[in-house]
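Trainee: Here it is: the structure, laid out below.
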Amino acid sequence: MSLWRIAWKNMRQRGVASTLTALSMALGVAAMIGVIVIHSVAVRQFSSDAQGYHLIVGGKGGDTQLVLSTVFHLGQARYTIPYSFYREFTDGRHASLVQTAVPYCLGDSFDTSRGEEDSGGDLFRVVATTPDLFDTLSYGADSEGNPLSYGFREGRNFKADRPFEAVLGSVVAAKSGVRVGDTINPTHGIGGTGDRHDDFKVVGVLEPTGTANDRAVFVNIEGFYLLDGHALSPESDGAKSTEPANRGPVGQPQIADPRGVLPPPVLYDNEGNEIQPLPEAQREVSSILVLCNSVIGPQVLATTINKDPDRSFQAVAPARIVEGLMQNTVKPIQVVLLVLTVLIVIVASISILVSIYNSMSERSHDIAVMRALGASRTAVMLVVLGESVLLSLAGGVAGIALGHALVAAAAPYVEDQTGIRLAFWEFDPWELAVIPSLVVLAALAGLLPAISAYRTDVAKSLSGAR
């Protein structure tokens, strides 16, 4: 009979104790797998939020705040920028380096309670933009580096000449129950307590992307400008009014527009009636997503904007900021959680040691018989070590399966709360190190009882049995 079969037989003889010991190991490993997988998926998806374009351009201020407000829809951009500066990227001095420039206007929200009291509705950000966001930009890349284009689960993208059309992210549509053809009323301000704006007709629902855009409402920027409180006051005596509040610091320089005013677009409301767009002089944007048309474009643009003598605007590479957030904020949390799970696994290994060691006095006769039948001290020692390794392996394999099952079970809640998509088959390369580490740990845990078996006095054990 092989040493492994003997070890397995010993485990089965102590069925309850072995099962409980393996279970404690499985729970520790499951917790470790959960931490590793969730962190890996979260980092990958948060990083993908900042893909599809090269730069974010906004008012001078904190680069982290600009990325958080634009990419993750958290907080608010500190300073806005003139619409004339946005046009520098579409048909002005920066246009030769730009493939696509997509403006963002932030500051409104959507309450899923839709005006019903005590409904416990959720609050989502409203992003005013142009159809180019979904038509020309991607939201990430697949494992082979191919861009992932936005798709529509229902309906279509809003049209440039239809100012009061809107598109919902997948999570917003699921939690609000709003369907294509329904109307929504954004709330002025990001707190959900402001006045409700005019109706926007929902014309599309995005396919899930796993990004923060799943939790946002996108409206036509032309309609956003026509809402109460969104237009700047007409210029008076050559100075731009700073009303309403939170429009940027007083005296913020305005870029001169050498091209003159472009012909206003022709707009139609949801009934097909022609309406007048807001004049450019009364417009501003929160930020601009810039996709360059060359490899050196981002560096040239960032240097030009950030080194401008007026220092009124900034260009930020969002991928770099997100990577910094992951390393400086998320990574330390993962390390702490991993330390805790490692401690749990170590405690489980100690339980293996205690379980096997406590059984040694009961098994001294069996060990003596093995020795009397010709088994060497080394063979006896290896049987005990093998039992420890088998217990650890059984708990480890069960823990890996249990960990992935827990990730799958938590997936709906995590996606509902954060937009991060999880699945049972999510895998991280660090999982490959779990089983070898458990074998080493089990060998160390089984060393003490193995030494005790090695030192068993055959004559004393056999005579004691008689």
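Trainee: Distances longer than 28 Å among the Cα atoms of the range 55-316: what percent of all pairs is that? Intermediate results must be reported in sequence, preceding the final value.
Mentor: On the way: 11252 of 34191 pairs.
For the range 55-316, the fraction of Cα-Cα distances above 28 Å is 33 percent.
Trainee: Each residue of the range 336-343 in turn: what ³J(HN,Hα) in whole Hz from Karplus with 6.51, -1.76, 1.60 and θ = phi - 60°, glycine and Pro shown as x?
Mentor: Running phi through 6.51 cos²θ - 1.76 cosθ + 1.60 with θ = phi - 60° gives 4, 5, 5, 4, 4, 5, 5, 4 Hz.
Trainee: For labels at LEU20 and TYR413 in the simple 7 Å Cα→Cβ model, what's the distance in nm?
Mentor: Taking the simple label geometry, LEU20 and TYR413 are separated by 2.8 nm.
Trainee: By how many nm would the segment from ASP198 to LEU444 lengthen if fully extended, with 0.36 nm per residue of separation less the alpha-carbon distance?
Mentor: Fully extending the segment from ASP198 to LEU444 adds 81.6 nm.
Trainee: List the residues, sorted by chain then number, that are 5 or more residues from PHE152 or on another chain and whose placed amide H is less than 5 Å from its amide H.
Mentor: The answer is GLU207.
Trainee: Can you list which of the GluC sites (Glu not before Pro) found in the range 118-193 are DSSP loop residues with at most 13 other C-beta atoms within 10 Å?
Mentor: Within the range 118-193, the qualifying GluC sites (Glu not before Pro) (loop, at most 13 other Cβ atoms within 10 Å) are GLU144.
Trainee: Can you work out the Karplus-derived ³J(HN,Hα) for every residue in the range 396-407? Use 6.51 cos²θ - 1.76 cosθ + 1.60 with θ = phi - 60°, whole Hz, and x for glycine or proline.
Mentor: With the stated coefficients, the range 396-407 comes to x, 5, 5, x, 5, 5, 5, x, 5, 5, 5, 4 Hz.
Trainee: If you don't mind, there's one more thing I want to ask. Can you pull out the trypsin sites (Lys or Arg not before Pro) in the range 36-134 whose DSSP state is coil and whose Cβ has at most 14 other Cβ atoms within 10 Å?
Mentor: Details: sites: ARG44, LYS60, ARG78, ARG87, ARG93, ARG114, ARG125; in loops: LYS60, ARG78, ARG93, ARG114.
Taking the range 36-134 and a limit of 14 other Cβ atoms within 10 Å, the loop trypsin sites (Lys or Arg not before Pro) found are ARG93.
Trainee: For a footprinting-style exposure proxy, rank MET25, MET381, MET32 by other Cβ within 10 Å, fewest first.
Mentor: Fewest to most other Cβ atoms nearby, the residues stand as MET381, MET32, MET25.
Trainee: To continue, here is another question. Got the relative contact order for the range 55-316 handy, in percent, Cα pairs under 8 Å and 6 or more residues apart?
Mentor: Relative contact order, the range 55-316: 30 percent.
Trainee: Beta carbons within 10 angstrom, averaged per residue: use that to sort the peptides 182-191, 97-106, highest first.
Mentor: Final packing ranking: 97-106, 182-191.
Trainee: Moving on. Show the residues, 5+ positions off or on another chain, whose built amide H is closer than 5 Å to the amide H of VAL98.
Mentor: Here ASN293 satisfy the definition.
Where a number appears in this text, it was derived from the coordinates with a stated rule and is not lab data. Quick caveat, the model's predicted, so the values are computed rather than measured. Cβ: placed from backbone, ideal geometry, glycine included. Neighbour counts: every protein chain shown.
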